[in-house]
Each structure stands twice: as C-alpha cells, then as structure tokens.
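A short worksheet on the structure shown next.
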Amino acid sequence: EPWEPTGALVSSDVLEDPRLTLTAEEREGLACSNDRAVLGVPLRAKGVVIGILVVGDRTGRIWTEAETALMEAFADQAALALENARLFEAEHAARAAAEATGEQLRQAQKMEAVGLLAGGIAHDFNNLLTIISGRAQLLTDRALPHDAVSDVEIIQTTTERAAILVRQLLAFGRRQILRP
C-alpha cells in the first residue's frame, strides 16, 4: 500500500519500493544515484502534517529502530520550531495590523477634533460677520459722504468673502463636500 505520512518510511531502495509513486523524471534522477536508501518521517504540528523530513544514504542501507526513533524525535522538534516560527510571524503581523489600526484611530480622532474646532470657530466668526454686515447695511441706508460710501462697500465685500470662508470651515467641520 502507498506510504501515507503518518509514521516513518524506511526504505533500502526507493526505486524498488512499491509504496512510493515516483514520476519518470524522479526515477531517472534516482537511477543514476547510489544513494537510494531513505528514512523519512512526517513533521507534525498540532497533529497536522506540515512536511516530511528525509535522510538518504547508500542503496541497501538498513535503518535501525534507534535511528528511526532519533529521526522522529528530531522531526518533532523541527516541527515545533517551524510552528513556533509561524506563530511568531502571525503574532507579529497581528501586532502590526493593530498598530496601524490604532494609528488610523488616532488620526481620525485628531481630524474630528480639528473639525469640531473649525465648526466652533466658524459659528462664532459668522456671528461677528453678521453684526459687521448688518451695521454696514445700516450705513448704506443713510446719506453718507462719498468717501465713506466706498469704505462701507469695502466692508460689505470683505464680509461676503469672509462668509464664504466661514461656509468652507463649516463644511470641513461637518466633512461635507463643497460645490463651487
């Protein structure tokens, strides 16, 4: 029966072993070799085969039980080391992802604070602009000297530009898209 990686595979000649299925290319490569005896043991991590550890020697070599036991013990240690390395990498990746998420959260909190600050400033500034604009409008309703009329117009134009800036700040604070 074919070899399944559940226990040790001991073979004095892999070309003659009926348990092994070899490709034509593998057979051709092994036919030229005098080292066709193998001792193979599965590498198991948490009961799952993650690989096979194989040692080769001259054709016809008979592997002892002690060598097989030593190889199995070595394979257990190698599998444990490989699993620990995999866990270390997974833990490292999880930490990196957590740090990136934490940084994104900090940036989002900063942006939220800046947005709240911008919104608060914009509301307060808008109240001041309303007073300035209203007083300028009251002045335009009065008979003013010619040079004072142009000063009031400058005040009105400037308050309109400032009102646009306030709308932009409010939109930023609410994270709205401004439409030009």
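The values are calculated or read from the model by the stated rules, or taken from the named source; none is laboratory data. Since this is a predicted model, take the numbers as computed values, not measurements. Here the Cβ is made from the backbone with ideal geometry for all residues, glycine too, and neighbour counts use every protein chain on show. With ligands, DNA and RNA removed, areas are computed over all heavy atoms of the protein, side chains included. Shrake-Rupley method; radii C 1.70, N 1.55, O 1.52, S 1.80 Å.
Picking from residues in the stretch 56-73 that are free of Cβ contacts under 8 Å to residues at least 24 places away in the same chain and open to solvent by 60 Å² or more (accessible area, probe 1.4 Å), the one that is nearest to S33 (Cα to Cα) is T64.
Just one of the listed residues (S150, S133) is surrounded by 12 or more Cβ atoms within 10 Å (Cβ to Cβ) and part of a helix (DSSP H, G or I), namely S133. Being open to solvent by 70 Å² or more (accessible area, probe 1.4 Å), part of a strand (DSSP E or B) and in contact (Cβ under 8 Å) with a residue 40 or more places away in the chain is a condition met by no residue of the stretch 8-15. Can you find even one residue in the stretch 159-171 that is modelled with pLDDT under 85 and open to solvent by 80 Å² or more (accessible area, probe 1.4 Å)? Within the stretch 159-171 (the criterion being modelled with pLDDT under 85 and open to solvent by 80 Å² or more (accessible area, probe 1.4 Å)), the answer is yes, since at least one residue qualifies. Of all residues in the stretch 94-116, those that are aliphatic (A, V, I, L, M) have Cβ atoms under 7 Å from Cβ atoms of residues that are surrounded by 10 or more Cβ atoms within 10 Å (Cβ to Cβ), 6 or more apart or on another chain, in L116/G173. In the stretch 77-124, of all residues being more than 17 Å from A171 (Cβ to Cβ) and touching a Leu at 6+ places or on another chain (Cβ under 8 Å), the one that is most open to solvent (accessible area, probe 1.4 Å) corresponds to L82.
Of the residues making up the stretch 21-53, just one is part of a loop (DSSP other than H, G, I, E, B) and surrounded by 17 or more Cβ atoms within 10 Å (Cβ to Cβ), namely R36.
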